[in-house]
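Shown next, in structure tokens, is the structure this report addresses.
The values are calculated or read from the model by the stated rules, or taken from the named source; none is laboratory data. Being a predicted model, the structure only gives us computed values, none of them experimental. When we count neighbours, we look across all protein chains shown, and the Cβ atoms used for this are built from the backbone with ideal geometry, even at glycine. These area figures cover heavy atoms from the full protein model, side chains too; ligands, DNA and RNA do not enter into them. Shrake-Rupley method; radii C 1.70, N 1.55, O 1.52, S 1.80 Å.
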Amino acid sequence: MSDIVLVLNAGSSSVKFALIDLASNTQPLSGLAECLGTAEASISWKVLDALGKEEKQTEALPENGLHNDAIEKLVAIINENNLSDTIKVVGHRVVHGGEQFIESVLIDENVINAIQDNNKLAPLHNPANLQGIVAAYHYFPTLKQVAVFDTAFHQSLPPKAYLYALPYSLYENEGIRRYGFHGTSHSYVATQAKQWLEENKQSSSHLITAHLGNGCSICAIKDGKSVDTSMGFTPLAGICMGTRSGDIDPGLFNFLINELAYTPKSIETLLNKESGLLGISQLSNDCRALEKAKSEGNQQAQLALDIFCYHIAKTIASFTVPLGKLDALIFTGGIGENSAYIRSQVVKLLAIFSLELSEEENLNKRFGEQGCISVSDGAKVLVIPTNEELVIAQDSYRLLCGEQI
Ligand code: ADP
């Protein structure tokens, strides 16, 4: 077995983990600890055996167990499977790098302090990411650790794209601006798309990537750099998502507070957890469930999916403004990679760009298959499965070896 990177993605109540063998592009161990901080805290994992088979196991964690308990158990699993000596570096997903981080970095005390300074910008995510880093230091004291930021890729946005039309002092003094998220995913699929387009003798400098999962964002990419993106100061902005509203009229806040007795906390819950596909359909946040309900004649499910596709297409169309031209549209994320229905509806709404899908290829390119699904001469439509863990592993290994990112 060759050099392996431990990738940790510590969320507010979960820790996703994977050991990634970069030479063979396999995951000897992967899993998820979830429901942390509750009585149901548990950890599930899969170990790849010599025959390439994986068996899933699940165990309860101590009641109300937190990130440290999850990582303690993870270390025990790593040791039981004799994988400890193979790990060379630990890579962490960190949600918010503010304006300080434009690329992945080796973690030292200054980096930890800077991530902590950004806690107020991502109160649900950065403290959890830090807990993952602290626990990893505790259990792997000799290993170098790397932070890979969701925001870093979007630090190339020009001021006209990242500034809100608010008093400039709010940006200068408080850092209130568009940061954008899902940067690791957008950058990965754009790099993969460029490779495909070049191999097929197509232009590749003007791309739009649509990351459609539970969280959704769109990104305009010119010459490999993010020039605009739909998420903003927080990951709540932009298009409608599973349970998040996306953009709404900011005037609504006063109405909710004054007329409907909402509080800041209940507004946060409303917009983050009760809106989006779930809010409109009153059925589910899950695209698969909504497609099924729609096919059985459920009108609310149809409406939710219509709104979702409309938001996506409208944002894609608007991102041709910073790009000036479109070479390819790339779908990724659980919905983008698997839903032929959403892709075809979005492309229909983009008729002005003369895009046309091959019905057959649209159905073929699902469940991990990647490639082109369009038949038109102009811009290509590609499906590319994202792989954020791989980017974290690659960046971590490069930094360990002293290479530039
Ligand atoms: P996360 O943002 O949590 O990583 P994912 O990228 O896994 O989420 O995406 C989850 C979404 O992908 C869910 O809405 C799910 O319904 C959708 N999805 C997964 N498979 C399919 C499919 N075959 N058809 C339609 N939607 C799918």
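Going through LEU290, LEU260, LEU303 one at a time, which residue ends up being closer than 30 Å to GLN192 by Cβ and free of Cβ contacts under 8 Å to residues at least 24 places away in the same chain?
After applying the criteria, what remains is LEU290.
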Search segment 335-346 for residues being among the β-branched types (Val, Ile, Thr) and surrounded by 24 or more Cβ atoms within 10 Å (Cβ to Cβ), and hand back the single one that is nearest to the ligand (Cβ to nearest atom). ILE335
Taking segment 193-214 and keeping only residues that are within 16 Å of the ligand (Cβ to nearest atom) and open to solvent by 10 Å² or more (accessible area, probe 1.4 Å), one is left with HIS211, GLY213, ASN214
Pairs only if they're at least six apart or on different chains, beta carbon under 7 angstrom, first in segment 374-394 and in contact (Cβ under 8 Å) with a residue 40 or more places away in the chain and open to solvent by less than 10 Å² (accessible area, probe 1.4 Å), second within 13 Å of the ligand (Cβ to nearest atom) and among the hydrophobic types (A, V, I, L, M, F, W, C); list them, first residue then second. VAL383/PHE331; ILE384/VAL189
Could you check segment 396-405 and list, in sequence order, the residues that are charged (D, E, K, R) and in a helix (DSSP H, G or I)? ARG398
I'm checking my understanding of the structure. Among residues of segment 362-395 that are assigned to a loop (DSSP other than H, G, I, E, B) and of a type in the set (S, T, N, Q), which one is farthest from the ligand (Cβ to nearest atom)? SER376
When only residues in segment 267-297 that are of a type in the set (Asp, Glu) and either away from the ligand (no atom under 14 Å from the Cβ) or on the phi > 0 side of the Ramachandran plot (or both) count, which is least open to solvent (accessible area, probe 1.4 Å)? GLU268
Since ILE330 meets every condition but one in (1) touching a residue at least 60 places away in the same chain (Cβ under 8 Å); (2) in a helix (DSSP H, G or I), which condition does it not meet? (2)
Flag for SER344 being part of a loop (DSSP other than H, G, I, E, B), over 20 Å from the mean Cα position of the chain (by Cα) and without any contact (Cβ under 8 Å) to a residue 24 or more places away in the chain: no
Hey, among PHE233, PHE255, which residue is away from the ligand (no atom under 14 Å from the Cβ), surrounded by fewer than 14 Cβ atoms within 10 Å (Cβ to Cβ), more than 13 Å from ILE312 (Cα to Cα) and aromatic (Phe, Trp, Tyr)? PHE255
When restricted to ALA76, ALA41, ALA10, ALA18, the only residue at pLDDT 95 or above, under 14 Å from TYR139 (Cβ atoms) and open to solvent by less than 70 Å² (accessible area, probe 1.4 Å) is ALA76
Taking into account only those residues within segment 313-323 that are touching a strand residue (DSSP E or B) at 6+ places or on another chain (Cβ under 6 Å) and among the aliphatic types (A, V, I, L, M), which is farthest from the ligand (Cβ to nearest atom)? LEU323
Can you confirm whether segment 330-338 contains a residue that is touching a helix residue (DSSP H, G or I) at 6+ places or on another chain (Cβ under 6 Å) and aliphatic (A, V, I, L, M)? yes
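Quick one: in segment 324-334, which of the residues that are within 15 Å of the chain's Cα centre (by Cα) and either open to solvent by 20 Å² or more (accessible area, probe 1.4 Å) or polar (S, T, N, Q) (or both) is nearest to the ligand (Cβ to nearest atom)?
GLY334
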Residue list for segment 122-152, restricted to those being buried (at least 21 other Cβ atoms within 10 Å of the Cβ) and under 17 Å from the mean Cα position of the chain (by Cα): ALA122, HIS125, ASN126, ALA128, ASN129, ALA147, VAL148, PHE149, ASP150, THR151, ALA152
Being within 29 Å of HIS96 (Cβ to Cβ), touching a residue at least 60 places away in the same chain (Cβ under 8 Å) and either of a type outside the set (A, V, I, L, M) or touching a strand residue (DSSP E or B) at 6+ places or on another chain (Cβ under 8 Å) (or both) narrows it down to one residue among LEU66, LEU29, LEU6; which is it? LEU6
